[in-house]
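The values are calculated or read from the model by the stated rules, or taken from the named source; none is laboratory data. Note that the coordinates shown come from a computational prediction; the quantities given were computed from them, not determined experimentally. Cβ atoms come from the backbone with ideal geometry, glycine included; neighbour counts cover every protein chain shown. Ligands, DNA and RNA are stripped out before the accessible areas are found, and what is left, the full protein with its side chains, is counted by its heavy atoms. Shrake-Rupley method; radii C 1.70, N 1.55, O 1.52, S 1.80 Å.
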Amino acid sequence: VRCGDFAAAQRATSAAAQGTTPPALLALLSLLAQEQADPGRTGIEERLKQAIRDARDEKFSASQQEPFLDRLYDVLAAADATSAKHATIEEWLWCKLSRVGAQLISQRPVRVGAEGDALVALQREVDEEYGEAFFSRVPLMYFSVMLHLQQFERAVAHLYSTSTWAVEAIHFGLALQHEGLLSCGAAVAADGPLLDATSARPSLLLAAMLERTLLQWAKEQPVEMLKYVWVLRDDAGERERLSAKLLLRSCQTSALLQSIPFIPASSKKQLLATTAAALKADGLVTQAAQLLYQAELFDSLAALLAEELSAKMQASRPSAEEEAQLKKLRTDSAAFLAQWGSQQPEQAQQHGATLDVLLAIAFFLELSTSWRRSREGRVITQMLAALATPPLDSLLPLEMAQVESVQATFRYLRPEAQRAFPKLIEAAMEALHAKYEMLKAYRTEGDNVPAELHKLRLQAEALVAFAGLSLWISAEALGQLQLTSATSQRIASWLADMA
């Protein structure tokens, strides 16, 4: 019986002298052997219930029995046992669990966890009368007791608390959860308690346990670490959150650039987006851009590049290194936008407009920097040609009649693009003034220079009118931002020279 071989137990009792084994107990053994051999036999459950009751009645009506017979009545029919002593905790626990099994069969259907549940009563008895300290004197004994009592949450939490067996606790937890045997609570801080005992049945914070354990492994083998996370039966969002957190904390986000076949494509795309957003918030724009490109989230990548371009163009006196970084960013962004436009022209046009505008402004400002250093006339020619080419031709007025329409266009631009306009206006005005001075210095009689000078003067006046105070006030994202006093003075001086 202790080995669970009821057929062998039945043969052993049948071989004994006739009348030695009480008939009701022998009948119960016979039914248990039949049920073990054919669990789905029709009507066996009701017959077992009656056989257990008959065995109890037989036990209570009999005189004093020898110890082993008492033990059989106790474990097979949950009859009241005499105060028998047990040699080991395992034997004691076996007797307790056997009684519970007989009680659960013989009782009317009881909702699991209800007050009449024999297993719940045993769990409460062990917790209140003995507790963890009683069993912890023997290594792993409390863990074994909790497993047998089906208190899997307490078992795994206890095993994890012994650092020697922490990895095994993870394995047990994942396997039990995978089979639907583990109650798991919502994720909390990884350094907090792992067992939520606020309810009648405690919940194990398995995700927090994984977060605490897998961090070091993530630094060495990030993809292998992700396999553990994706064994969790939590919803995909929870797995994505935990994966992103571990990869970010271990600085291993580049692992997402590899092929990871066990993560569904939709989940990996969301994981890439979540991780990229966190990297961007930490100022790691290059790494974030790589992940967004891998996820093919081109609209998000375009927005990220636009923000970075706008931010880098705000530097008042950029160093040579900063200028080189801005130029590389512009070149890479232009290559990405061209590729996106060839693959998804409609989406690129719709979601890449701000990036396109900023690329044009960045290129124009590069030309302006080149002019200030070289003073070459060809650079001014390039700058003026850029002003007459899309998209700059719709961003700055060429004549006074265009001022209002161009101001309206400005108001609909994204803040990232609007912030670049003070430098753009100054560079454009400087180019017009430089061209004006060149023509005035080298003009000869009979040429068409006066008309060209007049045209440049009108374009400069339109630019000054466009850059009036009302433009900056209308840009809500910029508040009261406008041209600085020094810039305004330079522009006024250039316009006066062109009178």
Which condition breaks for R41 when tested against (1) in a helix (DSSP H, G or I); (2) surrounded by fewer than 17 Cβ atoms within 10 Å (Cβ to Cβ); (3) not small (G, A, S)?
-> (1)
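Which ones in segment 22-36 are in contact with a helix residue (DSSP H, G or I) (Cβ under 7 Å, 6 or more places away or on another chain) and either touching a residue at least 40 places away in the same chain (Cβ under 8 Å) or open to solvent by 30 Å² or more (accessible area, probe 1.4 Å) (or both)?
Keep residues of segment 22-36 that are in contact with a helix residue (DSSP H, G or I) (Cβ under 7 Å, 6 or more places away or on another chain), which gives 22, 24-36.
Hits for segment 22-36 are P22, L25, L26, A27, L28, L29, L32, Q34, E35, Q36.
Is there a residue in segment 114-137 that is among the β-branched types (V, I, T), loosely packed, with under 13 Cβ neighbours inside 10 Å and at pLDDT below 90?
Residues of segment 114-137 among the β-branched types (V, I, T): 120, 126.
Still in the running and loosely packed, with under 13 Cβ neighbours inside 10 Å: none.
No, the conditions are met nowhere in segment 114-137.
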Can you tell me which of M313, M383, M400 is touching a Ser or Thr at 6+ places or on another chain (Cβ under 8 Å) and at pLDDT 90 or above?
-> M383
By residue number, the members of segment 232-263 that are over 15 Å from the mean Cα position of the chain (by Cα) and among the β-branched types (V, I, T) are I260
Take the residues of segment 356-391 that are surrounded by fewer than 17 Cβ atoms within 10 Å (Cβ to Cβ) and hydroxyl-bearing (S, T, Y): which is nearest to A338 (Cα to Cα)?
-> T389
Quick check: anything in segment 392-404 open to solvent by less than 10 Å² (accessible area, probe 1.4 Å), in a helix (DSSP H, G or I), closer than 19 Å to L359 by Cα and touching a residue at least 40 places away in the same chain (Cβ under 8 Å)?
-> no
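Scan segment 205-228 residue by residue and report those that are under 17 Å from Y160 (Cα atoms) and modelled with pLDDT of 90 or more.
We begin by selecting, within segment 205-228, every residue under 17 Å from Y160 (Cα atoms); these are 205-217, 228.
Correct list: Y228 only.
Got at least one residue in segment 185-204 being modelled with pLDDT of 85 or more, touching a Phe, Trp or Tyr at 6+ places or on another chain (Cβ under 8 Å) and crowded, with 20+ Cβ neighbours inside 10 Å? Quick ask: steps written out before the conclusion?
Taking segment 185-204 as the starting set, the residues that turn out to be modelled with pLDDT of 85 or more are 203-204.
Within this subset, residues satisfying the condition of being touching a Phe, Trp or Tyr at 6+ places or on another chain (Cβ under 8 Å) are 204.
When the remaining residues are screened for being crowded, with 20+ Cβ neighbours inside 10 Å, the result is 204.
Scanning segment 185-204 turns up at least one residue that is modelled with pLDDT of 85 or more, touching a Phe, Trp or Tyr at 6+ places or on another chain (Cβ under 8 Å) and crowded, with 20+ Cβ neighbours inside 10 Å.
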Tabulated pairs, segment 60-89, first crowded, with 16+ Cβ neighbours inside 10 Å, second among the basic types (K, R) and modelled with pLDDT of 75 or more, C-beta under 6 angstrom, 6+ apart or interchain | Y73/K59; A77/R56; A78/R99; A79/R56; A79/K59
